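Here is the structure we will look at, set down as structure tokens.
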Amino acid sequence: MTRKILIPFLLLMAFQANAQIKYTPSPENLKSREWFQDARFGLFIHWGVYSVLGDGEWVMNNQNIDKETYQKLPNFFNPVNYDPKEWVAMAKAAGMKYITITSKHHDGFAMFDSKLTDWDIVDRTPYKKDIIKMLAEECRKEGIKLFFYHSHLDWYQENYFPLGRTGHSSGRPEKGDWYKYLDYMDGQLTELLTNYGEIGGIWFDGDWDKLDADWRLEKTYSLIHKLQPACMVGNNHHLAPFPGEDFQMFEKDLPGHNTTGFSGDSKVGSLPLETCETMNNSWGFNLQDKRYKSTKSIIQYIVKAAGYNSNFLLNVGPMPDGRIQPEFVSTLKEVGKWMEKYGETIYGTRGGPVPPKSWGVTTYKNNKVYVHVMNAENSNLLIPDFGKKVKGITLFTTSEKLKYKQDTFGITISLPKDIADETDTILVIEI
Ligand code: H79
């Protein structure tokens, strides 16, 4: 081959090889995915200097606060009542197995001690302590895995330029170096994955702010997997998963649903799934938001998520003084009581074998199928055939044997009489 032909040929080969690079998760990573799915229930925490204003984590954008003014907020962030022991104990008692906390939200403020900026908790607040480090230590002690929510979108950094769809009132100059911003982000992720022990995963959000930007995701994802191979990557981009991602999340929607309007393109893929929800209607602390979800509806959300083969990540927005509001604490306590009693039908299970129905959902583990009846429609329940011979059916709480008939249509079960107003009546099918 002459050089004239050889060089383009080699380039073409290299290009094809590159196009074929596929992400192969490491054995450690695959193990994390199993652990994650078995865990089923986690605590989401949105906490930042925005909490001071009691108007949610989008307050900088929503109230059109410019950077100069917003910079006053860290001066008032002094969470003297912050006690990571209390937070972790609360999560554990609720039956949660992991915590996902905002290391940085869209306001760009680092809740950890970053050497790459002084826009962080240690440099700017009177509190001066790294709340993430304190939480990481407590989580490790208590066997709770820690994940970081980290925002791609940044309303503070000048190199986040050109601007996206949000953060237009921050008063930044009309110039910036995009790739420097991405280097900065990779730098902060390196800090988070080097200085805080083992991290369960990184939960990205905000790339939808700049749909056409080169986010250099492959580079960032491989950096994460190089630093901590077991660390799972997820990205709330509302699209089908990209290569390099290890779990797929759904915001305020069960997998495949789109009640919010922004989950439309979130085709459910084959990775572990997670649904996140708020306890009232806000992520960050919101003083006026009293739309508290009932214990029953939260339990039913956990159960439904499990039936969709999905984890449930339930959010609290702690108050600026470091405490979690009592309304949340008491509901979580009740949820924990339920999980203690019925957790066997949730933890370590997978969704199915019957897809979710109007009456409820199913989960399974080994030779048991748990039928979660949340809306009994009449005294008999028909479960479509799922190709297994039934050995017996009992009521989970009392082990009472239930009458049933199995034929080509499925299994018809006679339900116990007085279940109408229960949160979740669980039947156990032995196969
Ligand atoms: O961290 C919490 C929220 O602050 C964050 N995700 C959760 C976990 C969040 N950010 N935005 N949203 C949730 C709602 C998204 C709204 C959008 Fe749009 C609609 C994004 C794109 C279309 C509004 C309009 C924002 C950009 C254009």
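The values are calculated or read from the model by the stated rules, or taken from the named source; none is laboratory data. Only a predicted model underlies this, so the values are computations on that prediction, with no experimental measurement involved. Note: ideal-geometry Cβ built from the backbone for every residue, glycine included; neighbour counts use all protein chains shown. For accessibility, only protein heavy atoms count, side chains too; no ligands or nucleic acids. Shrake-Rupley method; radii C 1.70, N 1.55, O 1.52, S 1.80 Å.
To the nearest 20 debye, what charge dipole does the chain have about its Cα centre, counting +1 at the Cβ of each Lys and Arg and -1 at the Cβ of each Asp and Glu?
Working: 50 positive and 54 negative charges, 266 e Å.
Dipole about the Cα centre, nearest 20: 1280 debye.
Rg and Dmax of the stretch 360-430 over Cα atoms: what are they, in angstrom?
Gyration radius and largest Cα-Cα distance of the stretch 360-430: 11.2, 31 Å.
I'm a student and want to see the number: the projected area of the Cα convex hull of the stretch 197-333, averaged over all directions, in nm².
Numbers: hull surface 39.5 nm².
Computing the convex hull of the Cα atoms and averaging its projections yields 9.9 nm².
Return the long-range amide H neighbours of residue 233 (sequence gap of 5 or more, or a different chain), with a cut-off of under 5 Å between placed amide H atoms.
202, 246, 247
For the stretch 196-250, which GluC sites (Glu not before Pro) pass both filters: DSSP loop (anything but H, G, I, E, B) and at most 15 other C-beta atoms within 10 Å?
Sites meeting the loop and neighbour criteria: 198.
Please label the shape of the stretch 94-246 as rounded, prolate or oblate, based on the square roots a ≥ b ≥ c of the eigenvalues of the alpha-carbon gyration tensor (a/c under 1.5 means rounded; beyond that, a/b larger than b/c means prolate, else oblate).
Oblate, since a/c reaches 1.5 and b/c is not below a/b.
Only bridges with both residues in the chain count here: give the DSSP antiparallel percent, nearest 5. Can you show the working numbers first?
Values: 30 of 65 bridges.
Among the beta bridges of the chain, antiparallel pairing accounts for roughly 45 percent.
For a quick protection proxy, order the peptides 384-396, 36-48 by their average other-Cβ count within 10 Å, most packed first. Display every interim value, and only then the final one.
Values: 384-396: 13.8, 36-48: 23.5.
The peptides rank, most packed first, as 36-48, 384-396.
Among 353, 162, 241, which one shows the highest mean-square fluctuation when the chain is modelled as a Gaussian network with alpha-carbon springs under 10 Å?
162
Rounded to a whole number, what is D in µm²/s for the stretch 8-348 from Stokes-Einstein with the Kirkwood radius over alpha-carbon pairs (10 °C, 1.306 mPa s)?
Estimated diffusion coefficient is 77 µm²/s.
At 222 nm, what value in deg cm²/dmol follows for the chain if DSSP H runs of at least 4 each add -39500 (n - 2.57) and the sum is divided by all its residues, to the nearest 500? Working shown, then result.
Numbers: 12 runs with 126 residues, N = 431.
Mean residue ellipticity, 222 nm, calculated: -8500 deg cm²/dmol.
So how far apart, in nm, are the two label points at residue 281 and residue 75 if each is 7 Å from Cα heading toward Cβ?
3.4 nm
On the accessible surface of the chain, probed at 1.4 Å, how many percent belong to carbon and sulfur atoms?
On the way: 10450 of 19580 Å².
Of the solvent-accessible surface of the chain, carbon and sulfur hold 53 percent.
Suppose all protein chains stay in the model; what accessible area per residue would a 1.4 Å probe give for the chain, in Å²? Mind dumping the intermediate values first?
Values: 19580 Å² over 431 residues.
Computed with neighbouring chains in place, this is 45 Å² per residue.
GNM on the chain, C-alpha springs below 10 Å: top fluctuator among 161, 109, 247?
Result: 161 has the largest fluctuation of those listed.
Within 10 Å of each candidate Cβ there may be at most 15 other Cβ atoms; applying that plus a DSSP loop requirement, which trypsin sites (Lys or Arg not before Pro) in the stretch 235-313 survive? Could the numbers behind the result be given before it?
On the way: sites: 252, 267, 290, 291, 293, 296, 304; in loops: 252, 267, 290, 291, 293.
Here the sparse-neighbourhood loop sites are 267, 290, 291.
Give the separation of the Cα centroids, the stretch 122-197 to the stretch 379-401, in Å.
About 50 Å separates the Cα centre of the stretch 122-197 from the one of the stretch 379-401.
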